[in-house]
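Notes for the one structure printed next.
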Amino acid sequence: MRVEIWSDIACPWCYVGKARFEKALAAFPHRDQVEVVHRSFELDPRRAKDDVTPVLAMLTRKYGMSEAQAQAGEDNLGAQAAAEGLDYRTRGRDHGNTFDMHRLLHFAKEQGRQTALLDALYRANFAEERSVFTEGDERLVELAVAAGLDADAA
């Protein structure tokens with residue numbers, strides 16, 4: 001069986017969903033017969049590379065909700081992430097263009113390191129204080145190296 005998962009590094013539900021899927025797959029008696037293929041899906045493909053904004057501002061603008069509603073949604077996501085054993089910063093995160101991350105994930109797939117890089121990117125975006133959007137390509141290369149990729153190739 002082949003399972004294709006379309007996701008974006010900026011999607012918190014993809015982050016939580018990946019953990020839930022992996023738990024379910026681990027409990028599946030025929031897991032050795034399952035091929036998991038990760039596909040790229042940019043939530044905001046028209047966003048410029050240097051257009052980085054706080055998550056709450058993006059949510060209020062995109063979905064027309066109040067800041068309190070957006071924060072309540074982030075708090076809910078934080079609780080759901082915690083239930084899956086994931087760290088999740090509910091405050092102070094930013095949002096930006098993920099195109100280069102997807103490019104790097106395709107390279108990582110060729111090297112057999114896609115899952116490791118996907119985990120590193122999700123963790124960096126949702127759990128760590130350092131931004132994956134404002135520190136430039138150096139931050140992405142750093143995460144690629146942590147996932148087992150060659151820095152120069154990345």
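Numbers below:
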quantity	calculated
Subset of segment 1-20 (residues that are open to solvent by 60 Å² or more (accessible area, probe 1.4 Å) and either of a type in the set (A, V, I, L, M) or assigned to a helix (DSSP H, G or I) (or both))	Met1, Trp13, Arg20
Some residue of segment 128-145 being farther than 23 Å from Ala19 by Cα and among the aliphatic types (A, V, I, L, M)	yes
Close pairs from segment 59-77: first touching a residue at least 12 places away in the same chain (Cβ under 8 Å) and under 23 Å from Lys18 (Cβ atoms), partner of a type outside the set (S, T, N, Q) and open to solvent by 70 Å² or more (accessible area, probe 1.4 Å), Cβ under 8 Å, at least 6 apart	Ala70/Tyr63; Glu74/Arg91; Leu77/Trp13
Where a residue in segment 124-139 is crowded, with 17+ Cβ neighbours inside 10 Å and its partner, wherever it lies, is of a type in the set (S, T, N, Q) and assigned to a loop (DSSP other than H, G, I, E, B), with Cβ under 8 Å and at least six apart	Phe133/Asn97
Verdict on Leu117 being closer than 19 Å to Phe21 by Cα, crowded, with 16+ Cβ neighbours inside 10 Å and hydrophobic (A, V, I, L, M, F, W, C)	yes
Qualifying positions in segment 63-115 - among the hydrophobic types (A, V, I, L, M, F, W, C) and in a loop (DSSP other than H, G, I, E, B)	Met65, Leu86
Residues being among the aliphatic types (A, V, I, L, M) and closer than 16 Å to Phe126 by Cα - total across segment 58-71	3
Some residue of segment 99-113 being aromatic (Phe, Trp, Tyr), without any contact (Cβ under 8 Å) to a residue 12 or more places away in the chain and open to solvent by 40 Å² or more (accessible area, probe 1.4 Å)	no
Residues (under 17 Å from Tyr122 (Cβ atoms) and touching a Gly at 6+ places or on another chain (Cβ under 8 Å)) located in segment 9-51	Ala10, Ala19
Residue count for segment 143-154, restricted to those that are buried (at least 17 other Cβ atoms within 10 Å of the Cβ) and under 16 Å from the mean Cα position of the chain (by Cα)	3
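The values are calculated or read from the model by the stated rules, or taken from the named source; none is laboratory data. Here the structure is a predicted model, which means the values were calculated and not measured. Glycine gets a Cβ as well: all are built from the backbone with ideal geometry, and neighbour counts include every protein chain shown. Accessible surface is based on the protein model in full, side chains and every heavy atom, while ligands, DNA and RNA are left aside. Shrake-Rupley method; radii C 1.70, N 1.55, O 1.52, S 1.80 Å.
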